[in-house]
């Protein structure tokens, strides 16, 4: 019974954090070199908090933030780290199920049943720019696994990838392609 209650509380926390996260391009989350709209950056208590912490690591060039969520900082210095701001939207949060694993994904270390996938849209621009309104959105996927300790549960980034970092990421599996913002009109 106690285990069931703990599982329900964890699920509620995951859903609650996703509900509180920025989910609209009209009012995206925002990360700057010195601040953010999220109050959980630097923690890994939920999948969304861990993904937001990863974004802050990338925006600020702060490797300690990456280490807090178990992420490996990019192998190369990001030229604009510490001088950009990022807008982001949580598009979808899902848990990878055994039936989601197919021949294309079976051998991927970061695509395992039980892992959580946070799919986000993000855009960045110089920190001294008033807003990123004219910049294009980019897809970002963050794969996480739950790490349960004696007195805590944390989420660890297993892998992350983005279309704008082609040298850091393989192709995105077709099952998780972001739907287009607007479907083209059907020919009649």
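Could you put 128, 135, 151 in order, starting from the residue whose Cβ has the fewest other Cβ atoms within 10 Å?
151, 128, 135
Run the quick spin-label model on residue 95 and residue 26: label points 7 Å from Cα toward the beta carbon, then report their separation in nm to one decimal.
Between residue 95 and residue 26, the label points sit 3.2 nm apart.
How do 139, 87 line up, fewest other C-beta atoms within 10 Å first?
139, 87
Once the Cβ-Cβ distance between residue 103 and residue 45 is put in as r, and R0 is 45 Å, what FRET efficiency do you end up with, to the nearest 0.05?
0.80
Go through 108-117, 94-103, 47-56, 61-70 and give me the packing order, highest mean Cβ count within 10 Å leading.
Most protected by this proxy first, the peptides run 47-56, 61-70, 108-117, 94-103.
Read-outs throughout are calculated quantities, based only on the coordinates presented, and are distinct from any laboratory measurement. All of these numbers come straight from a predicted model, not from anything done at the bench. In this analysis, Cβ positions are derived from the backbone assuming ideal geometry, glycine residues included, and neighbour counts consider all displayed protein chains.
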